[in-house]
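S.K.: Before we start, here is the structure in question, set down as structure tokens.
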Amino acid sequence: MKSEPNEFGIDDLFNRPHQTEPWDGVRNYQARNMMRDQMKIGDLAFFYHSNCDIPGIVGIMKISREGYPDPFAFDPDDKHFDPKSSPDNPRWFMVDVQYVKKLSRTIPLQELKQYSELEDFALVRRGNRLSIMPVSKTQWDFILGLE
DNA sequence: GCCAACGTTGGC
DNA sequence: GCCAACGTTGGC
């Protein structure tokens, strides 16, 4: 799951009450479908810092609440307002995530791109813009082994 | 339903 | 700040 650290980084999650935060503001259908349909309580996710000095994987979090409507879509004053989403028929969903740990080092995107083991990992494919993407067990274990 | 125009993402 | 890669929008 990607986030820009100048907006919301791993340290921000660490400092939240209960170290938990709703992953709001996602306005992409593929990412929404994953949050709404696939991500389950207790599932683990990598926290990825994008749009920063060293883009890369910085930590691990877990899903603490399964998909529910993103209320910011209903707020006309919010940056992520969407008039086509309503409480009766919500278009956008989010999950809550809870801090698990910070990796002992950032694993840079540049490094992840070098491993043939990760050539099918969506994150390293050219032009990828998904903010949430699946990680296979094999990929997960391999990446953890790089720490 | 096509597709040009436009906006956004995000690495570099 | 540049720009490639995409997703979305809207005229037709």
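The values are calculated or read from the model by the stated rules, or taken from the named source; none is laboratory data. Worth saying up front: this structure is predicted, and the values here are computed from it rather than measured. Reconstructed Cβ throughout: ideal geometry from the backbone, glycine too, with neighbour counts over all protein chains shown. The protein model used for the area step is the full one, side chains on, heavy atoms only, and it has no ligands, DNA or RNA in it. Shrake-Rupley method; radii C 1.70, N 1.55, O 1.52, S 1.80 Å.
S.K.: Within region A:84-111, which residues are within 14 Å of DNA strand B (Cβ to nearest atom), of a type in the set (S, T, N, Q) and open to solvent by less than 60 Å² (accessible area, probe 1.4 Å)?
M.R.: A:Thr106
S.K.: Counting just the residues of region A:8-29 that are over 21 Å from A:Arg105 (Cβ atoms) and either modelled with pLDDT under 95 or in a loop (DSSP other than H, G, I, E, B) (or both), which one comes out most open to solvent (accessible area, probe 1.4 Å)?
M.R.: The extreme case among them is A:Tyr29.
S.K.: Can I ask one more? What is the one condition in (1) under 12 Å from the mean Cα position of the chain (by Cα); (2) within 16 Å of DNA strand C (Cβ to nearest atom) that A:Asn6 does not satisfy?
M.R.: With (1) under 12 Å from the mean Cα position of the chain (by Cα); (2) within 16 Å of DNA strand C (Cβ to nearest atom) applied to A:Asn6, the lone miss is (1).
S.K.: Further question: Could you grab the pairs with beta carbons closer than 8 Å, sequence gap of 6+ or different chains, first residue in region A:85-96 and among the polar types (S, T, N, Q), second one open to solvent by 30 Å² or more (accessible area, probe 1.4 Å)?
M.R.: A:Ser85/A:Pro69; A:Ser85/A:Phe74; A:Ser85/A:Arg91; A:Ser86/A:Phe74
S.K.: While we're here: Name the residues in region A:19-31 that are in contact (Cβ under 8 Å) with a residue 24 or more places away in the chain and either closer than 23 Å to A:Asn6 by Cα or over 13 Å from the mean Cα position of the chain (by Cα) (or both), would you?
M.R.: Across region A:19-31, the qualifying residues are A:Gln19, A:Thr20, A:Glu21, A:Pro22, A:Trp23, A:Asp24, A:Gly25, A:Val26, A:Arg27, A:Asn28, A:Ala31.
S.K.: Also, I was wondering about something else. For region A:41-48, does any single residue satisfy the condition of being touching a residue at least 60 places away in the same chain (Cβ under 8 Å) and either open to solvent by 60 Å² or more (accessible area, probe 1.4 Å) or more than 26 Å from A:Ser104 (Cα to Cα) (or both)?
M.R.: yes
S.K.: Here is a further query. Between a first residue in region A:120-138 that is at pLDDT 90 or above and of a type in the set (Gly, Ala, Ser) and a second residue that is more than 9 Å from DNA strand B (Cβ to nearest atom) and open to solvent by 30 Å² or more (accessible area, probe 1.4 Å), which pairs have beta carbons less than 9 Å apart while being 6 or more apart in sequence or on different chains?
M.R.: So the pair list comes out as A:Ala122/A:Pro134; A:Ala122/A:Val135; A:Ser136/A:Asp120.
S.K.: Can we say A:Asp53 is within 16 Å of DNA strand C (Cβ to nearest atom), surrounded by fewer than 17 Cβ atoms within 10 Å (Cβ to Cβ), within 20 Å of A:Asn6 (Cα to Cα) and not hydrophobic (A, V, I, L, M, F, W, C)?
M.R.: Answer is yes for this residue.
S.K.: For A:Leu112, state whether it is over 16 Å from the mean Cα position of the chain (by Cα), more than 16 Å from DNA strand C (Cβ to nearest atom) and aliphatic (A, V, I, L, M).
M.R.: Details: over 16 Å from the mean Cα position of the chain (by Cα): yes; more than 16 Å from DNA strand C (Cβ to nearest atom): yes; aliphatic (A, V, I, L, M): yes.
Criteria met by A:Leu112.
S.K.: Hey, A:Phe81 hits all of (1) of a type in the set (A, V, I, L, M, F, W, C); (2) over 23 Å from A:Gly9 (Cβ atoms); (3) modelled with pLDDT of 90 or more; (4) open to solvent by 60 Å² or more (accessible area, probe 1.4 Å) but one; which does it fall short on?
M.R.: (3)
S.K.: Can you name the residue in region A:115-147 that is charged (D, E, K, R) and either assigned to a loop (DSSP other than H, G, I, E, B) or touching a Cys at 6+ places or on another chain (Cβ under 7 Å) (or both) and is also farthest from DNA strand C (Cβ to nearest atom) among such residues?
M.R.: A:Glu147
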